[in-house]
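J.: Just dropping this structure here.
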Amino acid sequence: MKKKLAMVGAGLTIGSALLVTSAFADIGGAGGGYEAYKTAVKTTTAASNATQHYVLSVKDNGQELLNVNGTLKESKAARGVSGNAEIATGAASEQLEFYHQDGTTIFKSGSSDTYNVATETDESNRAEGHDWGPEDPAVQQGLEKLVDALVGNLKNNVNLSGGTGGAQAVDMTLKGSQIPATFNVIGSLVVKEALNAENLHQDSGMKDTGVVGIDLSRLDAKLPRLTQDVNIDEVSLHAEIDANHFIVHQIVELAVTGKDEAGAAHRLTVSADIDTWDVNATTPDTVDLAGKKTNKIEADKLQD
Amino acid sequence: MELLKRTTVNELAKLYARKKTIWLLAVALILPFAGLPAVRQLQDGLGVAGVASDQYAVTILNVMTLFVLPLLIFMTASDMVSGEIGDKTIRSVLSRPVNRSKIYAAKLFALFVHTAGLLLLVFVASEAAAFMLPDAGKAAGGLAETAVAYAASALPLFVLCTAAAWVALGFKNASGALTVCILLYAAAKGLALVFPDYMVFSPVTYMNWHQLWLGGSLPAGRLFAIFSLLLGCGMVFYTTGYYVFDKKEV
């Protein structure tokens with residue numbers, strides 16, 4: 001009888017000791033990286049203004065097809081945006097400036113001195129349309145929980161490393177079967193549809209220079225049309241978070257493999273590299289149109 | 001030790017004497033092939049790989065550990081414990097010159113062996129199915145990694161075995177125990193939606209911890225923490241279960 005009790009006692013003791021060990025081994029902190037990133041995303045999106053420098057790049061089998069880089073200044077309070085972009089596809093490149101001020105959107109191509117001005121007539125309607133859902137704290141909390149549950153154990157793949165002075169870095173790389181099958185299927189379909197979208201390859205659609213005053217036809221990026229075995233191969237995220245929980249630097253990469261109609265294999269990598277600074281200390285630039293060449297364009301054309 | 005081995009063999013013999021067990025083994029063998037048409041449809045119809053052939057076996061394992069294998073474990077555990085208590089056949093086991101600690105251990109060992117056998121069967125079947133996919137050329141690529149994932153997935157399933165046997169001890173009929181096992185499991189999974197923060201301490205959260213063993217870089221600290229949590233839960237369920245079994249009037 002004593003032997004039995006000793007066995008039960010020992011089993012319980014060792015078992016509970018292991019449970020306590022797991023708690024000390026920071027199992028509760030699972031997804032510490034995930035939580036840090038989530039907080040940072042919330043803080044960063046809540047900032048009322050910021051300046052960002054971004055580089056978007058699309059490579060096919062290591063060769064760059066499309067590169068967009070530019071600066072963006074945005075202020076939610078002033079409802080203003082200003083920025084510039086340089087779009088390069090191989091040899092061809094195009095400069096673009098854009099502003100959003102006083103309810104008008106202004107585009108200017110680097111190769112002309114005409115400002116194309118679009119006035120939004122239904123600004124109030126659109127603002128109302130945006131007010132549902134995401135702004136409501138209850139809906140937001142519900143969504144957050146849903147996302148948490150969907151992310152599930154993927155949280156364990158998010159690594160957090162501390163830097164100096166409260167700065168943190170978050171890294172996540174998902175490869176092959178680590179990527180949830182549903183995400184892979186939906187993502188692959190989206191990528192495939194995007195690559196096969198009509199206006200991407202039909203020159204007639206791109207030659208319409210009237211809308212933003214830029215000849216985009218020169219910029220055909222020659223993206224491959226993947227039709228078979230489209231698969232998301234790798235997803236990676238690197239984010240640097242400062243002591244105030246703002247994401248100051250972020251790199252997101254997505255690698256997609258697949259075959260085109262001719263059966264040639266492609267590996268497309270899409271990457272976005274975004275630097276953020278002057279958080280809550282940014283005023284978007286404005287342009288004074290007095291005395292400048294302008295061209296009125298219809299706002300509804302922009303929404304197409 | 002010999003006694004324990006023989007009692008385990010005895011339990012397994014009883015298990016495989018049931019037609020139901022053989023049928024369920026057949027189902028586990030066929031299920032990996034049932035996923036093939038869906039994947040082929042994705043590949044031929046929509047042109048997306050969806051599940052590449054080197055990832056097929058792991059995808060099957062994800063589905064299996066989520067509900068198919070837990071369900072089979074619950075059924076076996078309820079038959080083995082509640083069923084025998086209910087129809088009093090457990091008396092014929094207890095009347096043997098084997099003490100109750102060995103009988104309870106043998107029942108769990110038999111459950112572990114059965115579960116491991118199921119995993120092996122699913123592994124072989126899903127790898128065979130992967131070779132039937134159009135891009136079978138790379139099916140052999142992830143074989144070693146997949147084998148590791150299958151082996152790793154045994155641990156949370158073993159913990160589930162101890163938990164199912166623990167629940168089944170409180171019932172005198174197999175269907176009651178099965179129903180309660182399923183409800184408890186579903187509730188534990190469902191609570192994760194409501195309390196994601198607390199669910200890190202629940203063993204059912206880690207049914208798919210095999211995914212952490214994929215992808216080359218192993219998060220050692222995390223694996224250790226989950227390993228101790230699962231082992232700890234298993235030990236607590238096993239010892240308390242044994243204690244209840246030892247005191248039980250049948």
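Coordinate-derived values only; no laboratory data. Quick caveat, the model's predicted, so the values are computed rather than measured. Here the Cβ is made from the backbone with ideal geometry for all residues, glycine too, and neighbour counts use every protein chain on show.
J.: When a footprinting reagent is the concern and you count Cβ atoms within 10 Å, what order do A:LYS192, A:LYS3, B:LYS138 take, fewest first? It would help to have the intermediate numbers written out before the result.
T.: Details: A:LYS192 20, A:LYS3 8, B:LYS138 13.
Lowest to highest Cβ neighbour count: A:LYS3, B:LYS138, A:LYS192.
J.: If we count other beta carbons within 10 Å of each Cβ, what is the order of B:TYR56, B:TYR150, fewest first? Each step should come with its number before you reach the end.
T.: On the way: B:TYR56 29, B:TYR150 25.
Taking fewest neighbouring Cβ atoms as first place, the list is B:TYR150, B:TYR56.
J.: Can you flag which of A:LYS73/A:LYS293; A:LYS155/B:LYS172; A:LYS175/A:LYS259; A:LYS76/A:LYS192; A:LYS42/A:LYS259; A:LYS59/A:LYS145 are past 30 Å Cα-Cα? It would help to have the intermediate numbers written out before the result.
T.: Values: A:LYS73/A:LYS293 24 Å; A:LYS155/B:LYS172 41 Å; A:LYS175/A:LYS259 19 Å; A:LYS76/A:LYS192 34 Å; A:LYS42/A:LYS259 38 Å; A:LYS59/A:LYS145 35 Å.
Too far apart for the 30 Å limit: A:LYS155/B:LYS172; A:LYS76/A:LYS192; A:LYS42/A:LYS259; A:LYS59/A:LYS145.
J.: Oh, and also: Between A:LEU150 and A:GLU261, what is the spin-label point distance in nm, taking each point 7 Å from the Cα along the Cα→C-beta axis?
T.: About 3.4 nm, to one decimal.
J.: For the stretch B:2-247, how big is the tail of P(r) above 23 Å, as a whole percent of Cα pairs?
T.: 54 percent
J.: Ranked by Cβ crowding within 10 angstrom, fewest neighbours first, how are A:GLU86, A:GLU35 ordered? Don't skip to the answer; put the middle values down first.
T.: Numbers: A:GLU86 14, A:GLU35 17.
So the ranking, lowest neighbour count to highest, is A:GLU86, A:GLU35.
J.: Please tell me the relative contact order of the stretch B:2-247 in percent, rounded to the nearest whole number, where contacts are Cα pairs under 8 Å and at least six residues apart.
T.: Numbers: 257 pairs, mean separation 67.8, N = 246.
Relative CO of the stretch B:2-247 lands at 28 percent.
J.: Name the residue farthest towards the positive end of the dipole of the stretch B:2-247 from the options B:SER153, B:SER53, B:ALA187, assuming +1 on Cβ of Lys and Arg, -1 on Cβ of Asp and Glu, about the Cα centre.
T.: Farthest towards the positive pole: B:ALA187.
J.: Among B:LEU133, B:SER78, B:VAL39, which residue has its Cα furthest toward the positive end of the charge dipole of chain B, with +1 on Lys/Arg Cβ and -1 on Asp/Glu Cβ?
T.: In chain B, that residue is B:SER78.
J.: Please report the base-10 log of the normalised intensity I(q)/I(0) for the protein assembly as shown, using a Debye sum with one equal scatterer per alpha carbon and no solvent, at each q in 0.07, 0.09, 0.13 (1/Å).
T.: Log10 I(q)/I(0), no solvent term: -0.56, -0.83, -1.36.
J.: Please state, to two decimals, what the Cα-based radius of gyration of the stretch B:4-58 comes to when divided by 2.2 N^0.38 Å (N = residues).
T.: On the way: Rg = 18.2 Å, N = 55, 2.2 N^0.38 = 10.1 Å.
Dividing the Cα Rg of the stretch B:4-58 by 2.2 N^0.38 Å gives 1.81.
J.: What is the extension gain from A:VAL41 to A:ALA169, computed as 0.36 nm multiplied by their sequence separation minus the C-alpha to C-alpha distance, in nm to one decimal?
T.: On the way: separation 128, 0.36 × 128 = 46.08 nm, distance 1.31 nm.
Gain on stretching A:VAL41 to A:ALA169: 44.8 nm.
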